[in-house]
Structures are given as C-alpha cells and as structure tokens.
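Remarks on the structure that follows.
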Amino acid sequence: MTQTPESRPTALAGTDFVPGPVLLLGAPGVGKGTQAQLLVTKYNIPQISTGDLLRGNIARGTELGLKAKEIMSSGHLVDDEIVNQMVLHRLQEKDTHRGYILDGYPRNLEQATFLDHTVADPIYLPRLPVIAVSIVVSYDKLLARITGRRNCPVCKHIYNVCANPPKVAGVCDLDGASLTQRGDDTEQVFIERMKTFQAQTAPVIAHYHDQGRFEEADGNQGVEAVNVAIEQAILKLRRAPRG
Ligand code: AMP
C-alpha cells in the first residue's frame, strides 16, 4: 500500500498518538515486563517479549523450544537467527500497525541491526523509527527482584514476594491460579544473565544512544513513578526532530 506523506501516521496527533516501535531495554529484573503491560493498556498496542515467545515454544514442546530450553536455563542468549525470525513473523501481524513494545529484544548489536533494517522496510507499519528507553536499577535491587519474582501462568501478572506480594502467598489475586517461579530466576543464573547483559546488551544501549533515539528512566522507584518516567521519555523521543 502506498502512503502519501499526509496519510502516514504522525507521532503526535492529539488522542491519536501513535507510539510506533518502542524498545524497553535494561538488565534482567529492571521491570521491563511490568512496564510493558502498563504501556499496552495505555496505548493499546501489543507487547512483544522474546522471552515469553521462547517460553511459549518450550511449553508447547516445539522444535524451536527444544533448542532454546537448555540455553535459556544457562542464562546465555538463544541464537540470533532463531530470535530474529520469531520477531520478524510477529511484526507482520496486523496488531502492530500503530506500534509495539519490544521487551527483551534486541539483546545484542546483530539483533539491533536486524531490527533497524526490518523496521525501515516499507512493508512494516508504522513507518516511524525505533525509539529506546532503558530502565536503570541498582544491582542489589535487581537481585532481590529476580529471586523474589513470581508469575501468574494464567493472566501473566507479575508479583514480588517482598515488594508486591499477592494477598494470599502463592496465589494470584486476579484469578486464583497458583503462582510459578521461572527456572532462570535464581541467583546463580542471574549472575550469568548479568554478565551476558554487560557484554552483549550494553552495546545496544550505546547504539540507540548514538542515534539520538534513547532516553533513560530511573527504575529505582515505585511502579507508577517508573511508568510516568517512561511515558515522558516516549513523548520526548517522538517529539524530537527526525534526522
Ligand atoms: P527474558 O524473559 O527477556 O528475561 O529472557 C529469558 C531468556 O530468554 C534469556 O536469558 C535468553 O536466554 C532468552 N532470550 C530472550 N530474549 C532473547 C533475545 N532477544 N535473544 C536471545 N535470547 C533471548
């Protein structure tokens, strides 16, 4: 479909704000999943979490899931080829036309380059450049969050046994399901995931910073305050003149 400049989605059009492709970056446990859920509600665009897509494949016992399982439980990264193709397919779905929140992707420079080319391809909507918001949290807080994290397998709500416990221990407030703990949310795997983050994902942050498409949000605050900081960052980045 050919679009005239007038018919292209604009970033700021009153209540028709088009968020476009938004990356939520940050170390394991900074709250990307929680914040992505809030942005989904606010902007009515999908969250695309490569971790969730991979875990879905493991749960369904697919070939891809079998390949990914061992790598994920070691805290290392799944092959770029697998993850890139998974994202490529997901971005072709219709619900992405006003934008999407990418959570946990890109994790290295190869994936960032792949994403930049994909988003720039005219078949993908909306035709807005990627913007990146990095959530920053201190190391000690991250460790406490990761080891205390509990998930509802049904509604996907995320709890923390210290900071945000359910009313009844081990039970989801929203649907009564038994909460689960991810196999990689242990201290040992956390240390490996942090090493992977420093070596491979920190350069992704530098990549978007150098392009002027990057803001940081202080994640050492309550969920609501972090959310406000992220929304302000998104508005600021979408208002910035494009190069
Ligand atoms: P997450 O749920 O984002 O914390 O991801 C959990 C695990 O899934 C990571 O430790 C990786 O093993 C794998 N994973 C998730 N996203 C990616 C990605 N973009 N590239 C490679 N591996 C990934």
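For the criterion of being within 15 Å of the ligand (Cβ to nearest atom), more than 25 Å from ILE234 (Cβ to Cβ) and in contact (Cβ under 8 Å) with a residue 12 or more places away in the chain, VAL204 fails. Test ILE123 against the stated conditions and say whether it is within 16 Å of the ligand (Cβ to nearest atom), modelled with pLDDT under 95, farther than 15 Å from VAL204 by Cβ and among the β-branched types (Val, Ile, Thr). No: the conditions fail for ILE123. Assess whether ASN220 counts as being of a type outside the set (Phe, Trp, Tyr), touching a helix residue (DSSP H, G or I) at 6+ places or on another chain (Cβ under 8 Å), more than 21 Å from LEU109 (Cα to Cα) and touching a residue at least 24 places away in the same chain (Cβ under 8 Å). Yes: the conditions hold for ASN220.
For the stretch 94-111, what are the residues that are more than 22 Å from GLN35 (Cα to Cα) and either modelled with pLDDT under 95 or of a type in the set (Asp, Glu) (or both)? Residues satisfying the conditions are LYS94, GLU110.
The residue that is nearest to VAL189 (Cα to Cα), among those in the stretch 91-115 that are away from the ligand (no atom under 12 Å from the Cβ) and crowded, with 17+ Cβ neighbours inside 10 Å, is ILE101. Residues of the stretch 38-51 that are touching a residue at least 60 places away in the same chain (Cβ under 8 Å) and either within 12 Å of the ligand (Cβ to nearest atom) or among the aliphatic types (A, V, I, L, M) (or both): LEU38, LEU39, VAL40.
Against the test of being under 19 Å from HIS209 (Cβ atoms), in contact with a helix residue (DSSP H, G or I) (Cβ under 9 Å, 6 or more places away or on another chain), of a type in the set (Ser, Thr, Tyr) and in a loop (DSSP other than H, G, I, E, B), the options TYR105, TYR124 yield a single qualifying residue, TYR105.
Right, SER134: among the polar types (S, T, N, Q), more than 22 Å from SER73 (Cα to Cα) and more than 16 Å from the ligand (Cβ to nearest atom) or not? So SER134 fails the test. Considering LEU54, LEU88, LEU66, the condition of being surrounded by 19 or more Cβ atoms within 10 Å (Cβ to Cβ) and either in a helix (DSSP H, G or I) or in contact with an Asp or Glu (Cβ under 6 Å, 6 or more places away or on another chain) (or both) is satisfied by LEU54 alone.
Taking the stretch 38-51 as the range and being buried (at least 21 other Cβ atoms within 10 Å of the Cβ) and farther than 18 Å from PRO106 by Cα as the test, the residues that pass are LEU39, ILE45.
Among the residues of the stretch 124-131, are any of a type in the set (Lys, Arg), in contact with a Ser or Thr (Cβ under 6 Å, 6 or more places away or on another chain) and touching a residue at least 60 places away in the same chain (Cβ under 8 Å)?
no
Counting residues in the stretch 70-82 that are away from the ligand (no atom under 12 Å from the Cβ), surrounded by fewer than 20 Cβ atoms within 10 Å (Cβ to Cβ) and farther than 23 Å from PHE190 by Cβ gives zero.
The values are calculated or read from the model by the stated rules, or taken from the named source; none is laboratory data. These numbers were taken from a predicted model, which means no experiment stands behind them. When we count neighbours, we look across all protein chains shown, and the Cβ atoms used for this are built from the backbone with ideal geometry, even at glycine.
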